[in-house]
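Structure, as structure tokens:
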Amino acid sequence: MKKITVILTIFLLLVGCNGDEGTSDKPSKVKIGIIRVPNDTAVAIQQKYFDAYFMDKGIETEFIFFDSGVSANQAFASGSIDFAEMGFTNGVVALANELPVKLIWIHEVLGTNESLVVRDKSISSVKELKGKKVATIFSSTSHLSLLKALEMNGMSEKDVTLLNMETASIVSAWDRGDIDAAYTWEPTLSHIKDEGKTLVTSEDLAKDGIMTTNIRLVHEDFADKYPDLVVDFIRAITKAGDLYRSNPNEAIKAAAENIGISFEDAKTQIEGTRWLTPQEEISSDYMGDNGDFLKMFLSTSEYWYAQGFTSRVPSEQEIRDFIDISYIEKSLEK
């Protein structure tokens, strides 16, 4: 009887251990939402930096492309992804809609890689867009930049015919001659710039205090169950940023190969942005307490609400809780 009890106890312990390994210790797969830009994520994938942190632990990584943060947020709402990158404006929407996500990383500060391009090269000011058809991707950083550019020139979206399009649709509409201008990002931007004229860049707007960024969100369920894996994720993309800072050509080559564009196109796009170090990420210039990014996030939340894109303005405390720098801080621990 005692022997049977001992065997049963060992069996239950083994079952318990195996069950923990599949649930609390590690997941079988991590689903990572990506956008098609040559950034630190693209470098990390191509250089197989995620393998050391995930695949070497027996965890499969699945990379899922989203054309915009709108569809990524829908995936978060359904619980079908663990991580996703998007323009921070869609992070504003995620928080306003109380999606179970946290903001854990800024991938890049946007500059010349997002711009307003006009078809008619004789146009020299935003004011001349009055009555024109202008396309952008609603709720995106380009959308915010366009509205701010109009506002700075004494205009609003009512002064133009504002069209909501995905990036592929912008290219098609431009080629058909259906739109007069578009505020968009690479690689769509390079396509329309060939025949058009750049009127305003996000770098121009940043000089006036309108900072736009691409960010990384994590699902709270995943972060709660596997906090160490979130730290590992940060370390993988930090390694990609370190490669760019130490050997930019190698990083650019990796990013270009990952998303299938030429080295020169990737170089142009990457050099149009700024990649932050982990120390910069958590500084008062960005995600640190009372940082500029927090202030921009709050002002954008108020602006998005005024535009009718969200049903409420999150409190400053909600924003502080949403922007979680603890994983970056842990990634810096030796």
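Which value, in debye to the nearest 20, gives the size of the charge dipole of segment 93-180 about its Cα centre, when Lys and Arg are +1 and Asp and Glu are -1 at the Cβ?
Taking the Cα centre of segment 93-180 as origin, the dipole is about 180 debye.
So if I take the centroid of the Cα atoms in segment 262-277 and the same for segment 199-261, what is the distance between those two points in Å?
Cα centroid of segment 262-277 versus Cα centroid of segment 199-261: 11 Å apart.
Take the cross-link list LYS133/LYS267; LYS127/LYS207; LYS57/LYS330; LYS148/LYS267; LYS48/LYS102; LYS48/LYS239 and give me the ones stretching past 22 Å between alpha-carbons.
Table pairs above 22 Å Cα-Cα are LYS133/LYS267; LYS148/LYS267; LYS48/LYS102.
Can you list the residues of segment 282-313 with backbone N under 11 Å from a point 7 Å past the Cα of SER156, pointing along Cα to Cβ?
Within reach of a label on SER156: 307-308.
Roughly how big is the chain's charge dipole about its Cα centre, with Cβ charges of +1 (Lys, Arg) and -1 (Asp, Glu), in debye to the nearest 20?
It works out to roughly 320 debye.
Quote the charge dipole size of segment 212-334 about the Cα centre in Debye, to the nearest 20; the model charges only the Cβ of Lys and Arg (+1) and of Asp and Glu (-1).
Magnitude of the dipole: close to 240 debye.
Using a probe of 1.4 angstrom, how much of the accessible area of the chain is carbon and sulfur, in percent?
50 percent
What number comes out for the charge environment of ARG320, summing +1 per Lys or Arg and -1 per Asp or Glu over other residues with Cβ under 13 Å away?
-3
If packing is taken as the mean number of other Cβ atoms within 10 Å per residue, what is the order of 212-219, 43-50, 169-176, 321-328, highest first?
212-219, 43-50, 321-328, 169-176
Over the chain, what is the relative contact order in whole percent, taking alpha-carbon pairs under 8 Å and six or more residues apart?
Reported as a whole number, the value is 25 percent.
Have a look at the DSSP beta bridges in the chain and tell me what percent are antiparallel, nearest 5.
About 60 percent, rounded to the nearest 5.
I need the Kirkwood Rh of the chain: take the reciprocal of the average 1/r across all distinct C-alpha pairs and report it in angstrom.
One decimal place: 21.1 Å for the Kirkwood radius.
Pulled fully out, how much extra length does the chain show between GLU98 and LYS225, if you take 0.36 nm times their separation in residues and subtract their Cα-Cα distance?
Full-extension gain reported as 43.8 nm.
For the chain, with every protein chain kept in place, what is the accessible area per residue (1.4 Å probe, Å²)?
45 Å²
Taking the chain as a Gaussian network, where each spring joins two C-alpha atoms under 10 Å apart, which residue of SER122, SER284, SER315 fluctuates the most?
Sorting by GNM fluctuation, first place goes to SER122.
In the chain, with Lys and Arg counted as +1 and Asp and Glu as -1 at Cβ, which of these residues, PHE54, ILE237, LEU276, has the Cα nearest the positive end of the dipole, that is, farthest along it?
PHE54
The values are calculated or read from the model by the stated rules, or taken from the named source; none is laboratory data. The structure presented is a predicted model; accordingly, all values stated were derived computationally and were not measured. A quick note on method: Cβ atoms are made from the backbone with ideal geometry, for glycine too, and the neighbour counts reach across all protein chains shown. Ligands, DNA and RNA are excluded from the accessible area calculation, which covers all protein heavy atoms including side chains. Shrake-Rupley method; radii C 1.70, N 1.55, O 1.52, S 1.80 Å.
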